[in-house]
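Every number in this text was worked out from the coordinates using simple rules, so none of it is lab data. Please read these numbers as outputs of a predicted model, since none were measured by experiment. Glycine gets a Cβ as well: all are built from the backbone with ideal geometry, and neighbour counts include every protein chain shown.
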Amino acid sequence: MKAFVLLVTWFVPGMAPESYQATFNSAGACQVARRAVHAEAQRMAASVYQRADAATAGTQQGSLLALSYAPAVTAVCVPQ
């Protein structure tokens with residue numbers, strides 16, 4: 001059985017990138033975890049967009065403001 005490593009890097013505006021890795025016994029388990037990381041990033045970004053829209057009464061400025069504060073993530077599964 002081949003091990004797989006999930007490599008994750010979070011990018012948060014104004015902060016240094018934060019990276020970590022986790023090892024899984026199968027590609028499928030690694031992919032499930034990768035999708036969960038991306039889902040969390042989407043949840044966090046949606047929260048930032050909602051707050052920005054509320055602060056700017058839904059104008060285009062809210063979307064631009066959110067882009068400046070929303071986190072981004074990269075996550076990839078690789079064979080070990």
Is any residue of the stretch 2-25 close enough, with backbone N under 20 Å, to a label point placed 7 angstrom from the Cα of Val78 along the Cα-Cβ axis, and if so, which? 2-11, 17-25
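Would you order Thr9, Thr23 from fewest to most other beta-carbon atoms within 10 Å of each residue's own beta-carbon?
On the way: Thr9 14, Thr23 11.
The fewest-first ordering by Cβ neighbours comes to Thr23, Thr9.
R0 = 25 Å: FRET efficiency of Met15 with Asp53, Cβ-based, nearest 0.05?
Details: r = 23 Å, r/R0 = 0.93.
Given R0 = 25 Å and the Cβ-Cβ separation, E is 0.60.
Let me check I have the definition right: for the chain, take the eigenvalues of the Cα gyration tensor, multiply each by 5, take square roots. What are those semi-axes in whole Å, largest first?
Working: eigenvalues 212, 30, 8 Å².
Taking √(5λ) for each Cα gyration eigenvalue gives 33, 12, 7 Å.
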How far, in degrees from 0 to 90, does helix 27-55 lean away from the longest principal axis of the Cα atoms of the chain, to the nearest 10? 10
Give me the angle, in degrees from 0 to 90, between the Cα long axis of helix 60-69 and the longest principal axis of the Cα atoms of the chain, rounded to the nearest 10. 40
Ignoring everything except DSSP H segments at least 4 long, calculate the 222 nm mean residue ellipticity for the chain; use -39,500 (n - 2.57) per segment, divide by total residues, nearest 500. -16500 deg cm²/dmol
